[in-house]
Each structure stands twice: as structure tokens, then as C-alpha cells.
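J.: I am attaching a structure below and will ask some questions about it afterwards.
The values are calculated or read from the model by the stated rules, or taken from the named source; none is laboratory data. Keep in mind it's a predicted model, so treat the numbers as computed, not measured. Methodologically, a virtual Cβ is constructed for each residue, glycine included, from the backbone with ideal geometry; neighbour enumeration extends over all protein chains shown. Keep in mind that these areas ignore ligands, DNA and RNA; they rest on the heavy atoms of the full protein, side chains included. Shrake-Rupley method; radii C 1.70, N 1.55, O 1.52, S 1.80 Å.
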Amino acid sequence: MTQPANDLPDLQIDTSLTSPKGCAAAQRALDYYLKPTEPQPGGEERFFDVNRNISCEEALVHASDLLRCAAATAHESANHLQGASRDLAFSTVHMIDMAKAMVDRSLERSHSA
């Protein structure tokens, strides 16, 4: 039986941990996994953020409007589909309508309180 020829060169691996080669990469890896992340000043930076001065009622009104638009978009999209895709799109319309009803109920309660 013949042993397969090893065409790869012998690699010398330095395991003494004193070699400067790879030291920076090892330090970055250790920093990534072991150092706690520092919180960003002012919180997480976002592409879209809600105005902190908006009232709860204004936020609910805006959310209701967004849900109405989402339902209209999903409904229009569903009208152009067939079969299971159409059913799935209309189930999305239904879930959006349910969420809008919950938001609208919250608005009704905030007006009566």
C-alpha cells in the first residue's frame, strides 16, 4: 500500500506566543470577545427615530395612519395575486387590520379618560 504524497510544504507554526506575527489579530479577537461593549453616547444611532417630544396620543394616531396605509398597500398587492400567495397577502391585511383596531381602541380609551 502506498502512502499518498504530501504536496503541501511543511508549515512552521509558532506556538510560543512571543512572536509579534499575528499578535495584533489575537489582541483584536480577545478584545472583541472579552471586553464589554461601551454604550454609545446618546443611545443607539438609528436611520429613523421617533421624536422624543411626541405625546402618546400623537404616536398612536400616527401608528393608526401607518397601519391604514400598510393595509391598503397589502390589499392592493393581494388583488393582483392568485392562490396561496393571495391568501397569504390577505392574511397580512387581516393582521394589520387587527393591529389597527387595537391602536384605535387605545385612542378611544385615551379620549374617554
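J.: Lys and Arg at +1, Asp and Glu at -1: add these up for the other residues within a Cβ distance under 12 Å of A59 and post the number.
T.: -2
J.: I've got another one for you. Roll a 1.4 Å probe over the protein chains and send me the accessible area per residue for the stretch 39-113 in Å².
T.: I get 82 Å² per residue for this part.
J.: Between M102 and N79, what FRET efficiency comes out of the Förster formula 1/(1 + (r/R0)^6) with R0 = 25 Å and r the beta carbon distance, rounded to 0.05?
T.: About 0.50, to the nearest 0.05.
J.: Also, I was wondering about something else. Quick one: which of 91-103, 74-86 comes out on top by average Cβ neighbours within 10 Å, and what's the full order, highest first? Don't jump to the answer; show the numbers that get you there.
T.: Details: 91-103: 15.3, 74-86: 12.4.
Order by mean packing, descending: 91-103, 74-86.
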